[in-house]
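What follows is calculated from the coordinates using simple rules that are stated; it is not laboratory data. Worth saying up front: this structure is predicted, and the values here are computed from it rather than measured. Virtual Cβ from ideal backbone geometry, glycine too; neighbours counted across all protein chains shown.
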Amino acid sequence: MNLNHAAAIMSAVVCMVGQLHGAEVSADAMTDAQRSALQKTIETCAACHGSSGRSVSPTFPKLAAQTAPYLELQLHAFKDQTRADPDAQAYMWGMASQLNDASITELAVYFSKQPATEGKGGNTALIAQGKQIFVEGVPGRQIPACASCHGAQAQGNGPFPRLAGQHAPYLLKQLLVIQSVLRTAPVMHGVIKDLNRDQMQAVVAYLESI
Amino acid sequence: MTFRPIVFEHGFSKLLALIALCGAITPSWAVPSFARQTGMACAACHTVFPELTPFGREFKLNGYVLDNIKQVTGIDVENNQTLSLNSIPPLSVMVQVTYTHTAKALPDLGSAGALTGALAKDGEVLFPDQVSLFYAGKIANELGAFMQLTYDGAADHFGLDNTDIRYAHHLSFGGSDANDHHMIVGLTLNNNPTVQDVWNTTPAWGFPFSGSRVAPGQIASAQIDGRLGQSVAGIGVYTWFDDHFYAEITAYTAAVPGGNHPLDSTQSNVAHGLSPYWRFAYEQRWDRHSISVGTYGMDTKVHPGNGTALQGVTDRFKDIAADAQYQFIGEDHLATVLATYIHESQTLDASVIDLFATNATNNLKTFKLTGEYSYRRKIGGSLGYFNTTGSADMTLYGAAPATGSANNSPNTNGYIAEVNYLPWLNVKLQIQYVGYEKFNGLKLNYDGAGRNASDNNTLYGLVWLNY
């Protein structure tokens with residue numbers, strides 16, 4: 001897959017999700033009952049994902065500042081059980097099962113508006129290697145730049161998730177389950193097909209650091 | 001640790017000898033009821049059941065109410081919710097089948113006195129050791145229960161086992177979206193001091209999570225260390241602040257099932273008045289690690305009963321304990337360290353008058369340290385050290401075959417080694433070995449009848465099913 005191909009797929013998916021996502025939910029437009037229900041749901045999420053989506057354990061991804069369309073897509077995928085990696089089944093199938101479309105949108109908007117966490121430093125050489133992969137891809141293996149979909153600062157873009165500041169072990173696990181197709185992610189299957197474990201470790205170390 | 005050895009305080013009646021021999025364990029466990037209610041796998045709440053993960057602790061502190069199944073609901077005319085009930089009751093079943101072998105067979109106690117020189121059968125299978133039915137989950141919004149009914153195969157008895165009913169309310173303040181501070185304020189109504197606790201360092205949910213009910217139990221344990229389980233009722237208030245600080249105060253009073261009611265002299269070890277229980281803990285989580293340190297304790301006045309009136313002067317037990325837990329939960333490797341130390345000061349005014357004890361005051365110190373490891377929650381093991389020391393008392397800890405103490409001492413120490421295999425998350429196959437360095441005061445001839453501490457070394461096999 002070349003960069004143009006990836007960009008074309010990205011545009012198509014962004015467009016599709018834009019239609020799915022619909023209008024943003026305004027907190028002001030919510031009734032007291034809705035606000036209270038949302039608050040309760042957020043408290044439930046916080047048990048794993050941390051206060052305001054700033055999770056402590058790398059088992060659970062940080063949700064703060066994640067893109068709303070991505071969160072919405074994932075919650076739907078948990079609910080209809082199309083995202084079926086081990087942790088999705090263990091934790092999120094149950095958690096998302098009773099969410100309705102409106103509450104999924106509310107949650108997605110809420111977490112997308114939380115301030116992002118700061119990056120965490122690590123092995124400098126590994127981070128530099130990871131940055132190169134993120135920015136330039138691995139041309140020899142036909143692996144496009146991650147930045148082409150996830151944004152130059154890994155800030156995410158619509159359905160393409162924010163990766164900046166995310167726990168490295170979580171990201172590594174996602175790359176592995178996507179590569180093994182335990183987690184379905186059509187664009188990513190092609191993109192990371194030939195990404196090896198060392199390269200994965202480098203790129204997630206970089207992402208955690210920014 | 002869930003050894004529930006019986007203090008051999010009231011002479012040497014065969015009844016107590018039987019209890020002491022049969023032991024000694026109140027198992028504790030996790031329940032698929034919660035999985036049914038939440039739709040989440042066991043691994044969300046447990047490292048290896050019944051030990052809790054940080055999320056499991058949060059779930060319990062929140063009153064067992066997290067639900068992800070269809071609710072039967074009701075509202076009043078002002079749109080206030082009047083009912084929110086699981087459409088499927090969160091029920092589950094636990095079965096334990098066990099095998100026990102002691103290094104040397106135990107004395108034959110007979111039905112009308114021990115048969116001199118005769119030994120009981122060794123290599124005992126209990127089928128079942130225990131079968132339990134649980135209702136564990138939501139009752140209403142913010143109200144939930146962990147309730148267990150157990151058939152005890154050794155005692156051939158069915159009754160209410162560990163029960164914890166709790167209400168939990170969540171508060172957030174100090175910021176709206178940022179949720180700068182959050183706390184849970186809750187109430188607990190339970191029948192076993194520490195059953196409401198969320199760390200696996202306290203007695204009700206401590207290591208070992210299961211053990212032989214056939215092998216001899218040590219002669220002494222602190223009141224808070226299992227002696228009051230299912231014979232008290234307590235109501236308490238707790239708070240959990242910012243996922244760091246825990247504080248609880250609970251008051252217990254006697255609530256003894258079975259036997260004569262109103263409670264009378266046929267009962268034994270009956271709590272008098274209100275017994276305050278307290279608990280403070282601090283937990284820090286980082287990356288995949290968590291560590292907690294805490295203290296807990298209880299001040300209990302007790303009527304010895306056992307043929308003496310439940311009135312007049314009482315014994316008094318002041319238990320003060322410290323505990324610590326470390327947990328690492330990786331993708332492949334999980335490790336836990338559990339430690340607890342309990343100091344009990346005993347003032348035995350009633351027992352001295354009733355000739356159950358010689359000393360007016362005694363002390364008892366219990367220390368337990370355990371390390372656990374699991375690979376992918378599939379295969380693992382534990383190694384635990386336990387040590388009980390205390391003042392000698394010639395009446396309280398008298399000599400008796402297998403169960404007594406020749407030097408009137410409660411001092412016991414040893415180790416527990418376990419290997420666990422979990423073919424599924426809700427099925428545990430376990431081999432456990434308990435080795436004693438000292439038992440009831442001595443290494444050799446501890447009972448005055450020729451039995452050595454190592455004769456009580458126990459091989460224990462367990463098939464533990466939850467469904």
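How large is the convex hull of the C-alpha atoms of segment A:118-209 per residue, in Å³?
83 Å³
Using the alpha-carbon centroid of each, what span in Å lies between segment B:37-67 and segment A:57-74?
Centre-to-centre distance over Cα atoms comes out at 22 Å.
For a bin width of 20 Å, list the pair-distance distribution of chain B built from all Cα-Cα distances, rounded to whole %.
P(r) over chain B, rounded to whole percents: 24, 58, 17, 1.
Take the alpha carbon atoms of the protein assembly as shown, find their radius of gyration, then divide it by 2.2 N^0.38 Å using N residues; give the quotient.
1.09
Dipole magnitude of segment B:261-365 about its Cα centre, charges +1 at Lys/Arg Cβ and -1 at Asp/Glu Cβ only, in debye to the nearest 20?
The calculated dipole for segment B:261-365 is roughly 180 debye.
Report the calculated FRET efficiency for B:His181 and B:Ala140 (r = Cβ-Cβ distance, R0 = 25 Å), to the nearest 0.05.
Given R0 = 25 Å and the Cβ-Cβ separation, E is 0.40.
Can you tally the net charge around B:Met40? Count Lys and Arg as +1, Asp and Glu as -1, for every other residue whose Cβ sits under 13 Å from the Cβ of B:Met40.
Charge balance near B:Met40 sits at -2.
Of the peptides B:307-313, B:263-269, how do they stack up when ordered by the mean number of other Cβ atoms within 10 Å, highest first?
By packing density, highest mean first, the sequence is B:263-269, B:307-313.
When the Cα centres of segment A:90-116 and segment A:168-210 are compared, how far apart do they sit, in Å?
Measuring centre to centre over Cα atoms gives 23 Å.
Determine the relative contact order of chain B: mean sequence separation of Cα pairs under 8 Å and six or more apart, normalised by residue count, in whole percent.
15 percent
Spin-label point model (7 Å from Cα, Cβ direction): what's the A:Arg197 to B:Ile88 distance in nm?
Going from the A:Arg197 label point to the B:Ile88 one covers 3.8 nm.
Between segment B:234-248 and segment B:266-326, what is the C-alpha centre distance in whole Å?
16 Å
Going 7 Å from the Cα of B:Trp278 in the Cα-to-Cβ direction, what parts of segment B:240-268 have a backbone nitrogen less than 11 Å from that spot?
Counting only backbone N, you get B:248-250.
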